[in-house]
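The block underneath contains the structure these notes are about, expressed in structure tokens.
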Amino acid sequence: MRTIRIVMSGRVQGVGFRAWIERRARELGLAGWVRNLRDGTVEALFHGDDDAVHDMIAHCRRGPARASVEVLERYEESEPPRPGFLIRSSE
């Protein structure tokens with residue numbers, strides 16, 4: 001099991017990215033969360049099987065149709081999130 005936090009920049013807000021991530025993460029059986037940040041980036045935390053987390057990050061590099069991910073930063077995390085996947089309030 002792996003826990004990874006990512007921060008994406010580019011055209012990532014106002015394009016349905018959070019809902020898209022939530023759907024994909026649930027399809028892959030991942031726990032975690034996603035939220036918009038005030039600086040215009042989107043941050044997400046994924047926890048689950050190594051392959052599923054890797055697949056989710058690959059999906060995020062492409063994003064939904066109207067998004068354009070320019071930079072994706074990846075951070076290993078040690079503490080897993082609560083079960084389930086949710087959209088958090090913007091921070």
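The values are calculated or read from the model by the stated rules, or taken from the named source; none is laboratory data. Please read all numbers here as calculations on a predicted model, not as lab measurements. Neighbour counts are summed over all protein chains in view; Cβ atoms, including those assigned to glycine, are modelled from backbone coordinates with ideal geometry.
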Open item on the list: Out of everything in region 68-82 that is modelled with pLDDT of 95 or more and not charged (D, E, K, R), what residue ends up being nearest to the chain's Cα centre (by Cα)?
Closed with: Leu72
Open item on the list: Checking Val71 against (1) crowded, with 17+ Cβ neighbours inside 10 Å; (2) in a strand (DSSP E or B), only one condition comes out false. Which one?
Closed with: (1)
Open item on the list: Condition first: over 15 Å from Glu73 (Cβ atoms) and either touching an Asp or Glu at 6+ places or on another chain (Cβ under 8 Å) or of a type outside the set (D, E, K, R) (or both). Now tell me which residues in region 43-52 satisfy that.
Closed with: His47, Gly48, Ala52
Task: Residues that are surrounded by fewer than 19 Cβ atoms within 10 Å (Cβ to Cβ) and without any contact (Cβ under 8 Å) to a residue 40 or more places away in the chain, drawn from region 25-42 - done: Glu27, Leu28, Gly29, Asp39, Gly40, Thr41
TODO: Within region 50-67, work out how many residues are of a type in the set (D, E, K, R) and either assigned to a strand (DSSP E or B) or under 14 Å from the mean Cα position of the chain (by Cα) (or both).
DONE: 3
TODO: Name, by its number, the condition in (1) buried (at least 17 other Cβ atoms within 10 Å of the Cβ); (2) assigned to a loop (DSSP other than H, G, I, E, B); (3) charged (D, E, K, R) that does not hold for Arg5.
DONE: (2)
Open item on the list: Quick test of your reading of the structure: Ala65 fulfils all but one of (1) within 25 Å of Met1 (Cβ to Cβ); (2) out of contact with any helix residue (DSSP H, G or I) (no Cβ under 6 Å at 6 or more places or on another chain). Name the failing condition by number.
Closed with: (1)
